[in-house]
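The values are calculated or read from the model by the stated rules, or taken from the named source; none is laboratory data. From a predicted model like this one, the values you see are computed outputs, not experimental measurements. FYI the Cβ positions are ideal-geometry reconstructions off the backbone, even for glycines, and counts take in every protein chain you see. SASA here: full protein model, heavy atoms, side chains in, ligands and nucleic acids out. Shrake-Rupley method; radii C 1.70, N 1.55, O 1.52, S 1.80 Å.
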Amino acid sequence: MYEFEYVRPKSVAEAAGFLAANSDARLMSGGMTLLPTMKQRLAQASHLVHVGPLGELKSITREGDALVIGSAATHDQVQGSEVVGAAIPALAKLARGIGDPQVRYMGTIGGSIANNDPAADYPAGVLGLGATVVTHLRQIAADDYFQGLFTTALGEGEIVTAVRFPVPRRAGYVKFAHPATGYAMSGVFVAETGSGVRVAVTGAGNGVFRWAEAEAALAKSMSPKALDGLALDASHFSEDIHATREYRAQLCRVMAARAVNELLG
Amino acid sequence: MSRIELTLNGKAVSADVEDRTLLVNFLRDAQQLTGTHVGCDTTQCGACTVLVDGRALKSCTLLAVQVSGAKITTIEGMANGEVLHPVQQAFSECHGLQCGYCTPGMVMAVTDLLRRHPKPTDEQILHGLEGNICRCTGYINIVKSVKRASELMAAG
Ligand SMILES: Cc1cc2nc3c(=O)[nH]c(=O)nc-3n(C[C@H](O)[C@H](O)[C@H](O)COP(=O)(O)OP(=O)(O)OC[C@H]3O[C@@H](n4cnc5c(N)ncnc54)[C@H](O)[C@@H]3O)c2cc1C
Ligand code: FES
Ligand code: FES
């Protein structure tokens, strides 16, 4: 790793001030993506501003019709949280399926959605549930937040503080995990929300996206059969040594049907 | 440079480290505790797993400064003199290792797994050891070792 200075701010406000004054400083939450990238010298920073331990970013609460998860809540916290389990069990399941126990102890929801890896799980949950990303400056709707491959609506030095999930009627998430890394080769989040059915796909292509045809079909009939023969543009999908475009598209159909079954319970 | 203070295998340790020092390098190079292994560059293999305040973490993906103040246990801190820790005893009895490269990390991960699930099911064992890769055993004897360790620990 290149040299850097480690900074442990006492509050989000202090972290924001530090980032504003040091343009080459970077946030660290769980470090489970950032540190491996820095070890490979694919990333560099003058300072690592460690917000992961901040208590104000770790809370998980139910606020009326919403579940609010602090950005530094770890995957382990979310998988085991009774509040999450009662409000959105599909989200607890999603967290339980990320990486491995050691990674889940450290990795956080804020770090995951700030990174926006095209194969990460949380982007599917956040987009599929129509959540709102809360930063220290503003609130961003999931539909505007994710902007393709490792790209988000976050500005320079903007800190994700929480994600606000409207509690759905029912939801389901199923991924086909890459056998070596655990990342989604294809993962589908289906939610029946107050404002209609939402279907978000991760692991498939350039970044998480909504499958409009599936949303329309499931709104008419919430059953795996409703997905039969639906249009799904294979050009959304990436192709690599693990899978062709067509194979990924097929996986996506199968995962979507399983997610519907899970939603139906 | 930063000053860090840790409790390492029960002993108080303080040291000056570069901020970029990984915990695993601090353990192996500065403290000469070479039982903790490095098996990959990608946070995947788990050979470097140690206990930080009782939780199994990958020491190759933690900064030493980040864990200042914590209690760290490495494989060297498991046995009580000549008496093996029950998890070590179980791996030995059940032939839960071949080359032994993954074993220190496995033992630490299993210790945390049994803290969370004292009587784990097969599913809990397999899911709980997803962060530890073994290229020798095929895992069958590792699963047996976890069950044996659970019995040994229940027997006290
Ligand atoms: C072996 C392994 C397996 C994994 N498997 C999976 C998997 O199956 N599915 C999956 O989804 N993920 C997986 N991951 C990734 C894991 O979930 C990471 O924890 C996550 O992607 C990043 O979260 P973090 O808290 O560790 O972020 P960090 O690594 O600390 O940060 C990631 C990025 O986000 C920025 N950032 C951090 N916090 C904030 C904030 N509050 N506001 C704005 N920007 C911020 C950082 O500057 C950095 O650019 C895996 C990782 C490993 C090492
Ligand atoms: S050395 Fe492989 S996970 Fe740490
Ligand atoms: S015993 Fe050789 S890697 Fe596990």
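Tabulated values for the structure
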| read-out | value |
| --- | --- |
| Extreme residue, surrounded by the fewest Cβ atoms within 10 Å (Cβ to Cβ), among residues of the stretch B:118-156 that are within 14 Å of chain A (Cβ to nearest Cβ) and of a type in the set (A, V, I, L, M, F, W, C) | B:LEU126 |
| The stretch B:119-145 - residue that is part of a loop (DSSP other than H, G, I, E, B) and within 16 Å of ligand 1 (Cβ to nearest atom) and, of those, nearest to A:GLN102 (Cα to Cα) | B:GLY131 |
| Tally of residues being in contact with a Leu (Cβ under 7 Å, 6 or more places away or on another chain) and part of a loop (DSSP other than H, G, I, E, B) across the stretch A:45-93 | 4 |
| Of residues in the stretch B:45-65 being free of Cβ contacts under 8 Å to residues at least 40 places away in the same chain and surrounded by 19 or more Cβ atoms within 10 Å (Cβ to Cβ), the one nearest to ligand 1 (Cβ to nearest atom) | B:THR61 |
| The stretch B:7-64 - residue that is more than 11 Å from ligand 2 (Cβ to nearest atom), in a loop (DSSP other than H, G, I, E, B) and acidic (Asp, Glu) and, of those, nearest to the other protein chains (Cβ to nearest Cβ) | B:ASP19 |
| Odd one out for B:ARG115, checked against (1) more than 16 Å from ligand 3 (Cβ to nearest atom); (2) touching a residue at least 24 places away in the same chain (Cβ under 8 Å); (3) closer than 27 Å to A:GLY182 by Cα; (4) surrounded by 14 or more Cβ atoms within 10 Å (Cβ to Cβ) | (4) |
| The stretch B:26-44, subset touching a residue at least 24 places away in the same chain (Cβ under 8 Å) and away from ligand 1 (no atom under 15 Å from the Cβ), residue surrounded by the fewest Cβ atoms within 10 Å (Cβ to Cβ) | B:GLY35 |
| Matching entry among A:GLY111, A:GLY130 (being open to solvent by 20 Å² or more (accessible area, probe 1.4 Å) and part of a helix (DSSP H, G or I)) | A:GLY111 |
| Matching entry among B:GLY96, B:GLY100, B:GLY69 (being part of a loop (DSSP other than H, G, I, E, B) and either within 11 Å of chain A (Cβ to nearest Cβ) or modelled with pLDDT under 95 (or both)) | B:GLY69 |
| Residue, most open to solvent (accessible area, probe 1.4 Å), within the stretch B:15-25, restricted to residues that are within 16 Å of the chain's Cα centre (by Cα) and more than 17 Å from B:MET106 (Cβ to Cβ) | B:ASN25 |
